[in-house]
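One structure, pasted below without further comment.
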Amino acid sequence: MRVVTVDENGKELGDARWVDMPKPDSFGSDGFVQIESYVSRLLRSSARFTSLIIATPDGQKGFSLCQRAGVPQCSLHVEWRSEAERERAIRQFFAERELGTTHDYLAGNGGVPDATRCLGYFLPSDVQFITTLTKDVLRRIYDVREQDALDFTYQEHCDAV
């Protein structure tokens, strides 16, 4: 995967780099059952940066959780031109929970410089809160059902800032 660091306006900071993504842990059914254990693992990590991607096996639905220097947050991406209603739903979902924004910018995708809206939110360090929020995001934003398959990609980055 090509990784580019950007500022709060989506402007690239430094050079892009290629990183290997580990193969996800795949659960062919009842993916929601796995969420709490992965959230717990994320919050217990002492790494400087820890990430968790939860997605459907086709990669079309999902989002990421991370913890940077002990502060948990989540990140969602939406193709804002074709999914305006989903973007509104995401914003409303997090506003109802009064969670602060970590980032909100447009990023490039497929050669289009402003194709993807990147939204991020601070989360409390609470396993139950994040587990429930994760299930609600998957259900309400992405129409994923409890019995559906899910992939979990967990990484600890000890050298990240």
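Values in this text are rule-based calculations from the coordinates and carry no lab data. Quick caveat, the model's predicted, so the values are computed rather than measured. When we count neighbours, we look across all protein chains shown, and the Cβ atoms used for this are built from the backbone with ideal geometry, even at glycine.
Would you give the gap between the C-alpha center of the stretch 119-161 and the C-alpha center of the stretch 19-53, rounded to a whole Å?
One Cα centre to the other: 9 Å.
Could I have the simple spin-label model distance between Ala149 and Ala69, label points 7 Å from Cα toward Cβ, reported in nm to one decimal?
4.0
Take the chain, drop everything but the C-alpha atoms, weight them equally and run the Debye formula without solvent; then report log10 I(q)/I(0) at 0.12, 0.14, 0.20 Å⁻¹ to two decimals.
Per q value, in the given order, log10 I(q)/I(0) is -0.52, -0.73, -1.61.
While we're on this one: Checking the a/c ratio against 1.5 first, then a/b against b/c, what shape does the Cα gyration tensor give for the stretch 53-105?
Since a/c reaches 1.5 but b/c is at least a/b, the shape of the stretch 53-105 is classed as oblate.
Considering only Ser64, Ser46, Ser82, give the residue with the highest GNM mean-square fluctuation for the chain, with springs between Cα atoms whenever their separation is below 10 Å.
Looking only at Ser64, Ser46, Ser82, the biggest GNM fluctuation is shown by Ser82.
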